[in-house]
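Enquirer: My questions will all concern the structure given below.
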Amino acid sequence: MSTETTMSKRRGVEKMAERPTFAPPVDIYENKDEILIFADVPGVTQEDLRVNLDKDQLTIEAHRPAIGGERALDYKRQFVVPRGIDAEQIGANLQSGVLKLTLPKSAAMRPRQIAVRVG
């Protein structure tokens, strides 16, 4: 690896270290059908937002560019997804700086009523 490449990589790491990274505040709700996660990511656009699921690790990463006199910043938050979540049906929606993640429960995790028979 050339000295120039090494130096530019170092500069990139230094620049990233200069930008603050925040764990966005979240609200988590659970009902019989799903788990809902609401994350506050003000100033973030759809293009600057990534939501990844790797095995049981859900990661939210976002970048907010500098706005007015404020510095740019990054958001990052990770969660362990419980067993029984239907990973194929996870949904994400960004509206007015709030990311809503919907983690539907599989049928096996949903409560069900057991019929009682007489005799």
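Enquirer: Can you name the residue in the stretch 28-45 that is over 16 Å from the mean Cα position of the chain (by Cα) and part of a loop (DSSP other than H, G, I, E, B) and is also surrounded by the most Cβ atoms within 10 Å (Cβ to Cβ) among such residues?
Expert: Out of the qualifying residues, it is ASP33.
Enquirer: Exposed (fewer than 15 other Cβ atoms within 10 Å of the Cβ) and within 18 Å of PRO25 (Cβ to Cβ): which single residue out of LYS55, LYS100 fits that description?
Expert: LYS100
Enquirer: While we're on this one: Might you check whether a residue that is more than 30 Å from ALA107 (Cα to Cα), touching a residue at least 12 places away in the same chain (Cβ under 8 Å) and surrounded by 12 or more Cβ atoms within 10 Å (Cβ to Cβ) occurs anywhere in the stretch 78-88? Step through it out loud before you land on a result.
Expert: First, pick out the residues of the stretch 78-88 that are more than 30 Å from ALA107 (Cα to Cα): none.
No, the stretch 78-88 contains no residue that is more than 30 Å from ALA107 (Cα to Cα), touching a residue at least 12 places away in the same chain (Cβ under 8 Å) and surrounded by 12 or more Cβ atoms within 10 Å (Cβ to Cβ).
Enquirer: On to the next question. Search the stretch 69-101 for residues being of a type in the set (D, E, K, R) and assigned to a strand (DSSP E or B), and hand back the single one that is farthest from LYS55 (Cα to Cα).
Expert: GLU70
Taken together, the values in this text are just the output of simple stated rules run on the coordinates, not laboratory data. Keep in mind that what you see is a predicted model, and the values were worked out from it rather than measured. Note: ideal-geometry Cβ built from the backbone for every residue, glycine included; neighbour counts use all protein chains shown.
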